[in-house]
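Asks: Please see the structure below; I have some questions.
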Amino acid sequence: MSVLIFADQFQGKIKKSALEAVQYGAKVAAQLGTSATVLVAGEVSADELASLGQYGAQKVLHVSDARLNELEAGTATKILAEAVAKENAAVVVFSHNFSGRAIAPQLSSRLKAGLVAGAISLPDTANGFVVKKNVFSGKAFANVNITSEKKIVSVLPNTFSLAPTGGSASVEAFAPALTDADFRVKPIKVETISGEVPLTEAEIVVSGGRGLKGPENWGILEDLAHALGAATACSRPVADADWRPHHEHVGQTGFTVRPNLYIAIGISGAIQHLAGVNGSKVIVVINKDPEAPFFKAADYGIVGDAFEVVPKLTEAVKKYKGI
Amino acid sequence: MKILVCISKTPDTTAKIAFADNNTKFSEAGVQFIINPYDEWYALVRALELKETLNATVHLITVGGADTEPVIRKALALGGDEAFRVNADSHDSYYIASQIAAHAKQENYDIIFTGKETIDYNGSGIGGMVAELVGIPFVSIASKFELNGQVATLRREIEGGEEVCEVTLPVAVSCQKGMAEARIPNMRGIMAARTKPLKVIEPVQADTLTSIVSFELPPAKAGVKLIPADNVEELVKLLHEEAKVI
């Protein structure tokens, strides 16, 4: 028996969310008294692979195949199913990032393995295999028991903080036979979000709403984000009015973010917006309306005019950081 | 061209979340139900747009009791041609996907659309599970879907960016923002929906792989700490020393 963890790579680097999955999987393996094996597909350096040992992996199975640099869910499902058989894995762990959300359900059907998507706790194995997850868009939690023999858990990103140790993993080449039929979805091109912090991975997010009055006023928000090394985001009315691109929209129907710090500027805090940000560890609200509902969900608040408060805050952050 | 859109009934986005029966069941008292927004705004509307340009037939399917019928009637009012309700109640994604897949295998759909997740159980699994059970490729969390003959070009979210990919039909796609703009049903659609076929089918035998043991509500926030607008330095200090986030 073993625990198999899928760690996705992007342009040769293992993503932080995937490292969180590796660390989680290693803990599950320790709980079950077994070992943790990580599967990596695509071209990744030997050092990068061995470093997964820092997060508790004993072994890395590496499918070094340039065709897998952009990995489609169907191909990944086939590779993982073979790895599960080879390693006799009882539990498969993913990150609940974009790759995990694409692959885990397919593998679940293939293996008839129950899936808990977006786990926020380690399994409680005292009575079954019970994992806690967010439901109702973060407004509640459910404790879900996986009753099938094989189990799949995807770990909610930015939920478990990374604590690397000095370990090193052994790396083993793994070459499942892949035919053209395994590449039904063909990647044409990849567009990276460059020069800025990707929103869903950002540790700090600075977000603006209608209170900023127009797209021309976003400079003050961008300055603050820049000083903090933060990603920028916006509320739905702002994206709908095309003040900001849709990929910045956070909320129930946009992106869900769970940064360490979420700073909301000129956002009233409608329940649909809160659903997309309520997993944030600390929420700061800046709004001139003291009755704005967002203050009820906030940890810190400033009642004031964004156009005065935000530039001052940027200066204070710069001073604190010495920049 | 035949398209299947998977529809889920979810509580309204503003619904108060509470639990009954010793925290084992969602309390439906006073809750309004809607079509899961990702299913409606993105999956269904994109299917309807394809129907308008390609002469496609749009089928709808939901897995649920008779109380899901108002929601599926609304989806018919928006422009779906025919609806199927699998008469079963389950929160297990694999069970639900098995029901949808059993129907889809008989109908040979060219495209199966789902929303990227439901706003109640947030499982995000149905699309991929159905694809695997039917044996067709799956593209997840797509924000664009264009069709040229039998070849679909999609834009999907990946870590750190977006990918444009191509796939030959049939395909299953989970849809997010960007696929289409929300529509509201018009009176003609609502009238027509009353007489459109809504077939009730009995579930096939399928395994349940997960079960919800209990629900919990998050602990209440301690309350906001207000900082005077002329003392932003204090906020920076608190974020550093107390919250330890910068």
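Values in this text are rule-based calculations from the coordinates and carry no lab data. Predicted, not measured: the structure shown is a model, and the values here were computed from it. With ideal geometry, Cβ positions are generated from the backbone for all residues, glycine too; neighbour counts draw on all protein chains shown.
Asks: Could you tell me which residue out of B:158, A:192, A:157 lies farthest along the dipole of the protein assembly as shown toward its positive end? Charges go on the beta carbon: Lys and Arg +1, Asp and Glu -1, centred on the Cα centre.
Replies: A:157
Asks: Which links in A:189/B:196; A:281/B:25; A:16/A:139; A:13/B:237; A:213/A:296; A:139/A:319 stretch past 30 Å when you go from one Cα to the other?
Replies: Violating the 30 Å Cα-Cα cut-off are A:189/B:196; A:13/B:237; A:139/A:319.
Asks: Build a GNM of chain A with springs between Cα atoms under 10 Å: which of A:59, A:86, A:15 gets the top mean-square fluctuation?
Replies: Of the options given, A:86 has the highest mean-square fluctuation.
Asks: Turning to a different aspect of this structure: At most 10 other Cβ atoms within 10 Å and a DSSP loop assignment: could you name the trypsin sites (Lys or Arg not before Pro) in the stretch A:183-225 that fit?
Replies: Details: sites: A:184, A:189, A:210, A:213; in loops: A:184, A:213.
Those that pass, being in a loop and sparsely packed, number zero.
Asks: Contour minus end-to-end for residue B:190 and residue B:55, with contour as 0.36 nm per residue of separation and end-to-end as the Cα-Cα distance?
Replies: 46.5 nm
Asks: As a test of the formula, what do you get for chain A when each DSSP H run with n ≥ 4 contributes -39,500 (n - 2.57) and the sum is divided by the residue count, at 222 nm and rounded to the nearest 500 deg cm²/dmol? If you can, show how the numbers build up before the last one.
Replies: Values: 9 runs with 93 residues, N = 323.
Helices in chain A give a 222 nm mean residue ellipticity of -8500 deg cm²/dmol.
Asks: Give the aspartates and glutamates reachable from residue A:27 as a straight Cα distance under 20 Å; neighbours fewer than 8 places away on the same chain don't count.
Replies: Straight-line reach from residue A:27, under 20 Å: A:8, A:87, A:124, A:149.
Asks: Here is a further query. What longest range of chain B stays clear of loop-exposed trypsin sites (Lys or Arg not before Pro) (DSSP non-H/G/I/E/B, at most 15 other C-beta within 10 angstrom)?
Replies: On the way: sites that count: B:16, B:183, B:221, B:244.
Within chain B, the longest run free of exposed trypsin sites (Lys or Arg not before Pro) spans B:17-182.
Asks: Also: With springs connecting C-alpha atoms under 10 Å apart, model chain A as a Gaussian network and identify which of A:251, A:42, A:166 has the largest mean-square fluctuation.
Replies: A:166
Asks: How much of the DSSP bridge set in chain B is antiparallel, in percent, rounded to the nearest 5? Before the final figure, lay out each step's value.
Replies: On the way: 19 of 44 bridges.
For chain B, the DSSP antiparallel bridge percentage is about 45.
Asks: Still on this model: Only helical DSSP H runs with n ≥ 4 go in: add -39500 (n - 2.57) per run for chain B, normalise by residue count and round the 222 nm mean residue ellipticity to 500 deg cm²/dmol.
Replies: It lands at -7500 deg cm²/dmol.
Asks: Among the listed pairs A:133/B:9; B:51/B:74; A:132/B:244; B:16/B:177; A:150/B:199, which have their C-alpha atoms separated by more than 28 angstrom in this model?
Replies: Among A:133/B:9; B:51/B:74; A:132/B:244; B:16/B:177; A:150/B:199, the Cα-Cα distance tops 28 Å for A:150/B:199.
Asks: Here's something else I'd like to know. Write down the percent of antiparallel bridges among all DSSP beta bridges whose residues are both part of the stretch A:2-182, to the nearest 5.
Replies: The antiparallel fraction comes to roughly 25 percent.
Asks: Calculate the tail of P(r) for the protein assembly as shown: the fraction of all Cα-Cα distances greater than 36 Å, expressed in %.
Replies: When every Cα pair of the protein assembly as shown is considered, 34 percent fall beyond 36 Å.
Asks: If you put +1 on each Lys and Arg Cβ and -1 on each Asp and Glu Cβ, how big is the dipole of the stretch B:80-170 around its Cα centre, in Debye rounded to 20?
Replies: 100 debye
Asks: Take residue A:30 and residue B:107, extend 7 Å from each Cα along the Cα→Cβ direction, and tell me the distance between the two endpoints in nm.
Replies: Calculated label separation equals 4.9 nm.
Asks: To continue, here is another question. Can you compute the modelled spin-label distance between residue A:321 and residue A:190, with each label point 7 Å from Cα toward Cβ, in nm?
Replies: Distance between the two pseudo-spin positions: 2.7 nm.
Asks: Suppose we keep just the DSSP beta bridges with both residues in the protein assembly as shown; what percent of those would be antiparallel, to 5?
Replies: Expressed as a percentage, antiparallel bridges in the protein assembly as shown total about 35.
Asks: Round to a whole angstrom and tell me the spacing of the C-alpha centers of the stretch B:188-246 and the stretch A:283-323.
Replies: Using only Cα atoms, the two centres lie 24 Å from each other.
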